[in-house]
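Here the structure is laid out as structure tokens; the discussion comes afterwards.
FYI, it's all coordinate maths here, none of it is from the lab. This is a predicted model, so every value here is computed, not measured. When we count neighbours, we look across all protein chains shown, and the Cβ atoms used for this are built from the backbone with ideal geometry, even at glycine.
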Amino acid sequence: PWEYADARQAAALMQRLRDVLAAQPGCEVVEADSRYVRAVVNVLADGSVRDELEFYLTPDDVLVQFRAQRSPAGVPDLGANRQRVERLRKTLGLAKLPVLRDRTTRLWFESPLDQFGPAEYDASGLAPLGR
């Protein structure tokens with residue numbers, strides 16, 4: 001999730017998000033209201049491969065929750081969605097919040113092999129996430 005400064009500015013943030021998305025090449029905002037935006041980015045000109053982006057502002061809070069997914073499922077995006085949402089975050093001037101993952105212990109005692117805390121590595125646990 002991302003964080004913005006003032007929950008009273010949610011409407012202005014959503015308008016700015018819609019404007020920034022609409023200015024992206026191949027991007028179309030297909031649904032929007034005061035707290036939710038859904039956009040589609042055509043990756044191929046014929047529309048057979050696209051990226052779906054969703055953004056939601058949590059009521060009475062300063063969080064922007066988002067989801068980005070390549071469609072159809074199974075078509076690799078090679079990090080394109082991660083890069084796109086990171087560019088959006090920077091353009092909007094929002095702060096990135098760390099996400100705590102569910103605790104998975106690897107041994108019967110706490111160890112560096114446990115998975116807990118901010119996601120610093122990819123799902124394999126081998127490669128650091130780009131920040």
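Just round it to a whole percent: the fraction of Cα-Cα distances in the stretch 1-94 exceeding 21 Å. Mind dumping the intermediate values first?
On the way: 1249 of 4371 pairs.
So the pairs more than 21 Å apart make up 29 percent of the total in the stretch 1-94.
Using label points projected 7 Å from each Cα along Cα→Cβ, tell me how many nm separate TYR36 and ALA23, to one decimal.
2.7 nm
Within a Cβ distance under 13 Å of ALA32, other residues only, what is the Lys/Arg minus Asp/Glu net charge?
Working: positive: ARG16, ARG18, ARG35, ARG38; negative: ASP19, GLU28, GLU31, ASP33, GLU54.
Result for the neighbourhood of ALA32: -1.
By how many nm would the segment from ARG8 to GLN83 grow when fully extended, if each residue of separation counts as 0.36 nm and the alpha-carbon distance is taken off?
Values: separation 75, 0.36 × 75 = 27.00 nm, distance 2.83 nm.
Length difference between fully extended and current span is 24.2 nm.
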